[in-house]
Structure formats: C-alpha cells, structure tokens
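I have placed the structure first, in the form of structure tokens, so that the comments after it can refer back to it.
The values are calculated or read from the model by the stated rules, or taken from the named source; none is laboratory data. Given the structure is predicted, the values throughout are model-derived calculations rather than measurements. All Cβ positions, glycine included, derive from the backbone under ideal geometry; neighbour counts span all protein chains shown.
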Amino acid sequence: MAQSTLDSMPGASTGTVVITEPLNFWGGKRVKPREEKNAEPVFEPATGRVLCQMVPCGAEEVDEAIQSAYAAYQKWSKMAGMERARVMLEAARIIRERREKIAKLEAINNGKTITEALVNIDISWKSIEYYAGLAGTLAGQHIQLPGGAFAYSRREPLGVCVGIGAWNFPFVIATMKSAPALACGNAIVYKPSPMAPVTAVILAEIYKEAGVPDGLFCVVQGGAETGSLLCHHPKVAKVSFTGSVPTGKKVMEMSAKSVKQVTLELGGKSPLIIFKDCELENAVKGALMANFLTQGQVCCNGTRVFVQREIMPQFLEEVVKRTKAIPVGDPLLGSTRMGPLISKPQLEKVLGFVSQAKKEGARVLCGGDPFVPSDPKLKGGYFMSPCVLGTSNTLVNGGTAHAQSALFFNTQSLSTDNCRDDMTCVKEEIFGPVMSVLPFDTEEEVIQRANNTTFGLASGVFTRDISRAHRVAASMEAGTCFINNYNINPIELPFGGYKMSGFGRENGQVTIEYYSQLKTVVVEMGDVESLF
Ligand SMILES: NC(=O)c1ccc[n+]([C@@H]2O[C@H](COP(=O)([O-])OP(=O)(O)OC[C@H]3O[C@@H](n4cnc5c(N)ncnc54)[C@H](O)[C@@H]3O)[C@@H](O)[C@H]2O)c1
Ligand SMILES: C[N+](C)(C)CCCC=O
C-alpha cells in the first residue's frame, strides 16, 4: 500500500507513469473518493498525457478529515515538545532517504527539472528538521506579582489548521505549512492544488510511518469548492493559504466569518535593481536565478529587472546569450534546466503576456515562443522558450553593444523600445519565464519605481557599494531583499509579503507565533481581597 507510487519511481521515465491509487488521506490511510463523478484529469506537463484523476472532496469527506484531524490533535497536543520532535525527525529522515523517488514524482507532476525537484525535497526535510528542533523550545514567561502572586504564560497550539497550496512547489508548500504546525502541537488538513495533487499524500504516508497519531496530517483533494468548505468549517482554527491575490482575498473573507486566524502567501512582481558598480557576471547570474527557476513560476521572482543605463548593453548581451543557452526539455534529464509550464492554459496565458508586451512596444530580445522539443514523446508538452523583454535587438545581436552604448542609451528616442513601467508585462504577475528589463538613472528614481506596485513579496539589489546596498534594502517595500544574489530561501529565514503579497510568515522562528497562541495563567498565593 503505502509506497507503491514511489516504488515505481526508480524505473519511471517521462511519459510512462499513471497513478491510480487514491490521493486523499485521513484516519491514517489513503481514502477512496466517495463519488467519481466530478473527477478532473491531471496532466503530465511534459507530455500532455493524463497522469491521474483528481476527484474533489465534498462536504462529508471534508468533515470526516477534519474530525480525524481533531481526534489526532487531542493526542498530539498533549505530548511534550521533545516527544513530537523525535517523531518529526524520523519523518525528515525518511524523506531524506527517499529524496530521489519523491523528487522524480514531483518533477513528473509539476514539470520542474529533476535538479530543482531534488533541491525542493531537500528544503522539505530540512523544514521538518528545523521545526523539530524548535518543538522542544516552546516556552512562556514567568511574571512576579504583588503579595507573592505570580503569573505565567503558556504557548499552546491552535487546534486543527488548514493548509491550502499552490501548484508550483507542491511538496515544499505542504511541508512548510505542516512542519511548524505539528511542532506547535496542531493537526493539519492540507489541500493541494488540483493541478499538482500527487506528492502531498506521500508526505502523509511518511508522517504516519514516522509515528504521528492517525489523522494528524490529512490530505483532501479538490479545487475552489473543497477549499471553501475547509475555510468555512467551524472546527478549523487557522487557514494558511498559498496562492494568488484574488483567491487569498476570498480565503480571508471566508475565514473572517468564524474569526479564524489566516496566513496569506500571495503573488508578487518583485524588483531586482542592478547598479553600474555591480560585479556584472554575478548580476547576470542573479537575474537568471530571479526569473527562470521552475519555468518562472515562482512567487518571489524578480521579474522587473532595473539596470542602470550605463551598463545596459553589456548586461543585455550577457543575459540574452545565457537565456538562449538554457536547455529546455525533458524534466527528468539531469542536463535539462527548464521543463514545461504547469498546464496548457498557463502556457497560453504566459504567451499572451508576451504578445501584449509586443503590442505595447516592448522588444522581445529572445524567446517567448512555444517550444517543441525534438524528443517525440514531448510533442504534446507545455514548453516555451525563456524570454527577455527589453531594448533593441540589434544592440544585442550585433555584438557591438559596448561601442554603441553611449550613443544608443543617451537618446530619448530609445524610450519607445524599452519596457516601461506602465506596460502590462511590467505591472502584472506573469508566472512564467519572462524577464522584463528596464533602464534607470539614479538611486532615488529606481527606489520610487521599484516600490510603485501593489505587491511586496521580494526585492533584490546588486552593487559593490555596501552603504547603498543596505540603504536600498531598507527602502524596499517588500518582505525580503536579497543583496548580491537572488532567490536564496533557506528554511531558517522568515518568508512572506508586504502589501498585497500577503501577511504572516512562513519559515524561520517567527512562524511558531503563527501556529500557536499564548495563554496567561494568574496564580493567587494569598486570600482573595473582594470589593463585595
Ligand atoms: N507567496 C508565496 O509563498 C507563494 C507561493 C507559491 C505561489 N504563490 C502564488 O500563487 C499563485 C499561483 O498559484 P495558483 O494558480 O495555484 O493560485 P490559486 O489562487 O489559483 O490557487 C491556490 C489554491 O487555492 C485553491 N482555491 C481556489 N479557489 C479557492 C477558494 N474559493 N477557496 C479556497 N481555496 C481556493 C486552489 O485550489 C489552490 O489549491 C501565484 O499568484 C503565485 O505568486 C505564492
Ligand atoms: C520559499 N520557496 C521555497 C521559494 C517557496 C516559495 C514559493 C513561491 O512560489
């Protein structure tokens, strides 16, 4: 039972896997859907083939899962932090042991490369290890009061938490929510994205094998309707949501009806600012890391790349050369650096952004087209060539960028060839491999433009000037600022948004506060002095 999907992984290759086992999990086992009638096909992005069916859970199934989680919470919350830690460390160990198989399944379902999927699985077990380490440290304060009385505070769990995830980091998001939740003594019911439903149930099996009480980590499959049932359920104490801004607003609204706590990890349109005094090769590498991981489908990507005008030609020449060289293809090959997008509609949406950018005056410096790999089994996959939008093609292809820069970049007429701040591709989250490059002149100007967005998830700056680096970091209206690198998100660091990118944090010590509550206990040592 438990491991059959994973057991087939070592010999599996792109285009060969079909999953038929149930994808729900509660009461300590996989649970078959009650009715198959609303089944939705889940596609393998690299081939367009059907990988499995996702059958959404209805009200009774959601309730069953929540009741099972509640029963587990009663046991788990009474265990000492160190006891919980031991079970969690065992779960982390099992994930580490099976990392190749889980990564392969993740790459098949999501389309991300096996190289990235392995890194993601490593983030996942590290997350469980990290919060296992914190489980034994949860503590309150002791406060002296007059007359020998005293008070103390206890950090207590919230109860049954709900996690709702996006499709871009399926296993990572499930662990980033469950690890702190479990460390604090909560149970969690997790709903993955309907497009990436297959690895959350593997995590559930691993927690079970590690020794958590049955029901502690449940998986219910479904889309908006199932998500809404979870947000409305009276036994749920908290909803931690990862997804788009419009859905996040709905989750907040639904959760408000019964005053549930909410964490929202939403979208972004993050700025990456490259000053002329940067180490250029690092800045170019940083821009690629900021835009093309997981086919550009990363919430914190730095998709507005502001480059100081004097170094624009050199930057573009190098960034375009390297973008064109990215090997796109079979996600399971170790040499591939970009796989397919998650779905056909997502591919069409991203290509639509590129067409719109052209209409609004942006130049496509490379990519932005559907891509058909030479391997015949990938013909139906959702591939595109990674794209850079910016200034004139001739500059880049002619190889004379340095010589032309002074002439070209000092002329006002060039402004029509550049990405501009008012273009759709620069304002909206594309969630695909599309980098928009924008010139700037001064620090003051670029800070104002970088912050001119309703999003605030991340930001980045490349410069050798240490004072400037920290000045810019302090000015960014964003939850993270990367200095001289980008998309470095180890589990020890708090991660989350400013403005419409959400609130609450995941990762880091602070997340303990988002999965626990403080109780104050007041102790009288003498007689009660009553006014009555
Ligand atoms: N900040 C972060 O940590 C982070 C991480 C990953 C993705 N994202 C964001 O997620 C978005 C892409 O993911 P997506 O397309 O899966 O987002 P989405 O908002 O469409 O869906 C996210 C999840 O919400 C569920 N859902 C949809 N409607 C719902 C409703 N009415 N009630 C409850 N649940 C509902 C979906 O089934 C899915 O599980 C992007 O905007 C991206 O930036 C943010
Ligand atoms: C923090 N991670 C690991 C990059 C996950 C964020 C998910 C954003 O899309």
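Taking the listed residues Phe455, Phe495, the one that is of a type in the set (Phe, Trp, Tyr), over 19 Å from Val172 (Cα atoms) and surrounded by 15 or more Cβ atoms within 10 Å (Cβ to Cβ) is Phe455, with no other qualifying.
Residues that are more than 26 Å from the chain's Cα centre (by Cα) and within 22 Å of Val42 (Cβ to Cβ): does region 351-374 have at least one? Within region 351-374, one or more residues are more than 26 Å from the chain's Cα centre (by Cα) and within 22 Å of Val42 (Cβ to Cβ).
Just a yes or no: is a residue in region 212-221 surrounded by fewer than 24 Cβ atoms within 10 Å (Cβ to Cβ), within 23 Å of Ala85 (Cα to Cα) and over 15 Å from the mean Cα position of the chain (by Cα)? Yes, because at least one residue in region 212-221 is surrounded by fewer than 24 Cβ atoms within 10 Å (Cβ to Cβ), within 23 Å of Ala85 (Cα to Cα) and over 15 Å from the mean Cα position of the chain (by Cα). Of the residues contained in region 271-285, none is found to be charged (D, E, K, R), near ligand 1 (Cβ under 7 Å from one of its atoms) and closer than 28 Å to Thr424 by Cβ.
Looking at Ser244, Ser240, which one is within 20 Å of Ser68 (Cβ to Cβ), within 16 Å of ligand 2 (Cβ to nearest atom) and assigned by the TED database to the domain that holds Thr175?
Ser240 is the lone residue from the list that is within 20 Å of Ser68 (Cβ to Cβ), within 16 Å of ligand 2 (Cβ to nearest atom) and assigned by the TED database to the domain that holds Thr175.
Among the residues making up region 252-293, those that are farther than 20 Å from Pro494 by Cβ and in a loop (DSSP other than H, G, I, E, B) are Lys257, Ser258, Val259, Lys260, Lys269, Phe275, Lys276, Asp277, Cys278, Glu279, Phe292. Filtering region 168-184 to residues that are within 17 Å of Gly211 (Cβ to Cβ) and among the aliphatic types (A, V, I, L, M) leaves Ala179, Ala181, Leu182, Ala183. Would you please name the residue that is farthest from Ala183 (Cα to Cα), looking only at residues in region 110-153 that are crowded, with 18+ Cβ neighbours inside 10 Å and more than 16 Å from ligand 2 (Cβ to nearest atom)? Within region 110-153, the match that is farthest from Ala183 (Cα to Cα) is Ile114. Applying the criterion of at least 3 residues that are within 26 Å of the chain's Cα centre (by Cα) to the strands (runs of 3 or more DSSP E) found wholly in region 1-114 leaves 24-26, 40-43, 50-54. Close contacts from region 286-298, counting a first residue that is under 13 Å from Leu341 (Cβ atoms) and a second that is surrounded by fewer than 23 Cβ atoms within 10 Å (Cβ to Cβ) and of a type in the set (A, V, I, L, M, F, W, C), with Cβ to Cβ under 7 Å and a gap of 6+ residues or different chains, come to Phe292/Ile326.
Among the residues making up region 246-265, those that are touching a helix residue (DSSP H, G or I) at 6+ places or on another chain (Cβ under 6 Å) and closer than 21 Å to Thr511 by Cα are Val251, Ser255, Val262, Thr263, Leu264. From the list Gly432, Gly479, Gly496, the lone residue that is farther than 30 Å from Tyr382 by Cα, within 14 Å of ligand 2 (Cβ to nearest atom) and modelled with pLDDT of 95 or more is Gly479.
For Glu129, indicate whether it is part of a helix (DSSP H, G or I), out of contact with any Pro (no Cβ under 6 Å at 6 or more places or on another chain), within 16 Å of ligand 1 (Cβ to nearest atom) and among the acidic types (Asp, Glu). Against the criterion (part of a helix (DSSP H, G or I), out of contact with any Pro (no Cβ under 6 Å at 6 or more places or on another chain), within 16 Å of ligand 1 (Cβ to nearest atom) and among the acidic types (Asp, Glu)), Glu129 does not qualify. The set of residues in region 281-312 being over 28 Å from the mean Cα position of the chain (by Cα) and surrounded by fewer than 24 Cβ atoms within 10 Å (Cβ to Cβ) consists of Gln308, Arg309, Glu310, Ile311.
Is there a residue in region 36-59 that is closer than 18 Å to Pro192 by Cβ, touching a residue at least 40 places away in the same chain (Cβ under 8 Å) and of a type in the set (Phe, Trp, Tyr)? Scanning region 36-59, I find at least one residue that is closer than 18 Å to Pro192 by Cβ, touching a residue at least 40 places away in the same chain (Cβ under 8 Å) and of a type in the set (Phe, Trp, Tyr), so the answer is yes.
Count of region 479-509 residues, restricted to those that are over 16 Å from the mean Cα position of the chain (by Cα), within 16 Å of ligand 1 (Cβ to nearest atom) and not in a helix (DSSP H, G or I), is 2.
Taken as a whole, region 451-469 holds no residue that is assigned to a helix (DSSP H, G or I), away from ligand 2 (no atom under 16 Å from the Cβ), of a type in the set (Gly, Ala, Ser) and within 22 Å of the chain's Cα centre (by Cα). The set of residues in region 212-232 that are charged (D, E, K, R) and under 16 Å from Asn186 (Cβ atoms) contains only Asp214.
Listed conditions (1) out of contact with any Asp or Glu (no Cβ under 8 Å at 6 or more places or on another chain); (2) farther than 13 Å from Lys104 by Cα; (3) not assigned by the TED database to the domain that holds Ile102 are all met by Asp7, apart from (2). For Phe431, indicate whether it is aromatic (Phe, Trp, Tyr), farther than 29 Å from Gly339 by Cβ, surrounded by 14 or more Cβ atoms within 10 Å (Cβ to Cβ) and within 16 Å of ligand 1 (Cβ to nearest atom). No: the conditions fail for Phe431.
Return yes when Val212 is away from ligand 2 (no atom under 16 Å from the Cβ), β-branched (Val, Ile, Thr), in contact with a Phe, Trp or Tyr (Cβ under 9 Å, 6 or more places away or on another chain) and within 21 Å of Ala135 (Cβ to Cβ) and no when it is not. First the steps, then the outcome.
Details: away from ligand 2 (no atom under 16 Å from the Cβ): yes; β-branched (Val, Ile, Thr): yes; in contact with a Phe, Trp or Tyr (Cβ under 9 Å, 6 or more places away or on another chain): yes; within 21 Å of Ala135 (Cβ to Cβ): yes.
Judged against the criteria, Val212 is a match.
The residues of region 294-317 that are closer than 27 Å to Gln448 by Cα and assigned to a helix (DSSP H, G or I), listed by number, are Gly296, Arg309, Glu310, Ile311, Met312, Pro313, Gln314, Phe315, Leu316, Glu317. In region 186-200, the residue that is nearest to Glu40 (Cα to Cα) out of those that are more than 16 Å from ligand 2 (Cβ to nearest atom) and crowded, with 24+ Cβ neighbours inside 10 Å is Pro197. Pairing each residue of region 140-169 that is under 26 Å from Gln297 (Cα atoms) with any residue that is aromatic (Phe, Trp, Tyr) and within 16 Å of ligand 2 (Cβ to nearest atom), provided the two are 6+ apart or on different chains, yields C-beta distances under 6 Å for Gly163/Tyr190; Ile164/Phe241.
Taking region 141-250 as the region of interest, the helices (runs of 4 or more DSSP H) fully inside it that hold 2 or more residues being more than 15 Å from ligand 1 (Cβ to nearest atom) are 170-183, 200-210.
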